[in-house]
Amino acid sequence: MISIKEIDQKEFELCYELDSDTICLWTKEQWQSEFKKRGVKVVAMLLKKKIIGIYVVQIIIDEAQINFFSIKQKFRRKGFGSYLMTYLIKECEKLNIKKLLLEVSETNSIAEMFYCKFNFLTVGRRKNYYKNGADAVLKEKKFIK
Ligand SMILES: CC(C)(COP(=O)(O)OP(=O)(O)OC[C@H]1O[C@@H](n2cnc3c(N)ncnc32)[C@H](O)[C@@H]1OP(=O)(O)O)[C@@H](O)C(=O)NCCC(=O)NCCS
């Protein structure tokens with residue numbers, strides 16, 4: 001059975017574990033400080049009580065920035081990412097968010113296709129943003145009333 005819930009700082013080790021198994025974005029210390037940022041929500045998707053996906057979103061007034069979005073490797077390509085993104089979009093709608101923003105490496109073509117499916121549009125680019133020299137592509141999804 002799938003469930004989705006907001007998690008708190010006490011569970012930062014579980015977040016670090018999923019991150020280390022997937023995209024290796026943050027250290028343990030970075031995860032701890034992420035939880036302390038203003039407007040940050042860390043949300044986990046669980047299957048049979050085990051975390052299989054996490055997103056981190058930071059809400060500032062009427063905009064939301066996705067800081068982390070990842071599904072465990074062995075659960076990918078089964079619709080779980082779409083399920084979690086659909087949940088996030090509904091949460092944004094409930095909070096009257098106007099824009100959902102994110103940045104993704106230009107080399108991450110799977111994420112590109114994934115976000116395209118949810119009508120995110122490319123709105124900018126940060127040159128040489130990542131350690132390997134890749135650009136960051138800035139994307140946004142506007143919520144129209
Ligand atoms: C991007 C990610 C979240 C997708 O999760 P997922 O559970 O595999 O996604 P879904 O099964 O719901 O697929 C949704 C859509 O994404 C795209 N997609 C997902 N995996 C794909 C793949 N391997 N090849 C091509 N398209 C793919 C497709 O458009 C797919 O729609 P379709 O099934 O109708 O073709 C997952 O690959 C992931 O965690 N990647 C590592 C983290 C990451 O890159 N995060 C985003 C950057 S911040």
Where a residue in segment 75-103 is within 21 Å of Leu121 (Cβ to Cβ) and its partner, wherever it lies, is of a type in the set (Ser, Thr, Tyr) and near the ligand (Cβ under 8 Å from one of its atoms), with Cβ under 8 Å and at least six apart: Leu102/Tyr115
Residue in segment 114-123 that is more than 13 Å from the ligand (Cβ to nearest atom) and surrounded by 12 or more Cβ atoms within 10 Å (Cβ to Cβ) present: yes
Residues satisfying the stated conditions in segment 34-49, i.e. at pLDDT 95 or above and either farther than 27 Å from Lys98 by Cβ or of a type in the set (A, V, I, L, M) (or both): Val40, Val42, Val43, Ala44, Met45, Leu46, Leu47
Lys78, sole failed condition from (1) within 8 Å of the ligand (Cβ to nearest atom); (2) of a type in the set (Lys, Arg); (3) more than 20 Å from Asp21 (Cβ to Cβ): (3)
Boolean, Ile51 is touching a helix residue (DSSP H, G or I) at 6+ places or on another chain (Cβ under 9 Å) and either near the ligand (Cβ under 8 Å from one of its atoms) or assigned to a helix (DSSP H, G or I) (or both): no
Matching residues in segment 82-107 - criterion: being near the ligand (Cβ under 8 Å from one of its atoms), within 22 Å of Ala44 (Cα to Cα) and either touching a Gly at 6+ places or on another chain (Cβ under 7 Å) or polar (S, T, N, Q) (or both): Ser82, Leu84
Residue that is nearest to the ligand (Cβ to nearest atom), among those in segment 22-41 that are within 22 Å of Leu138 (Cβ to Cβ) and of a type in the set (A, V, I, L, M, F, W, C): Ile23
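When you look at Ile66, is it within 16 Å of the ligand (Cβ to nearest atom), part of a strand (DSSP E or B), closer than 18 Å to Tyr130 by Cβ and in contact with a strand residue (DSSP E or B) (Cβ under 6 Å, 6 or more places away or on another chain), yes or no?
yes
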Residues of segment 124-136 satisfying the condition of being out of contact with any Leu (no Cβ under 9 Å at 6 or more places or on another chain) and surrounded by 12 or more Cβ atoms within 10 Å (Cβ to Cβ): Tyr129, Tyr130, Ala134, Asp135, Ala136
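The values are calculated or read from the model by the stated rules, or taken from the named source; none is laboratory data. Remember, predicted model here, so these are calculated numbers, not experimental data. Note: ideal-geometry Cβ built from the backbone for every residue, glycine included; neighbour counts use all protein chains shown.
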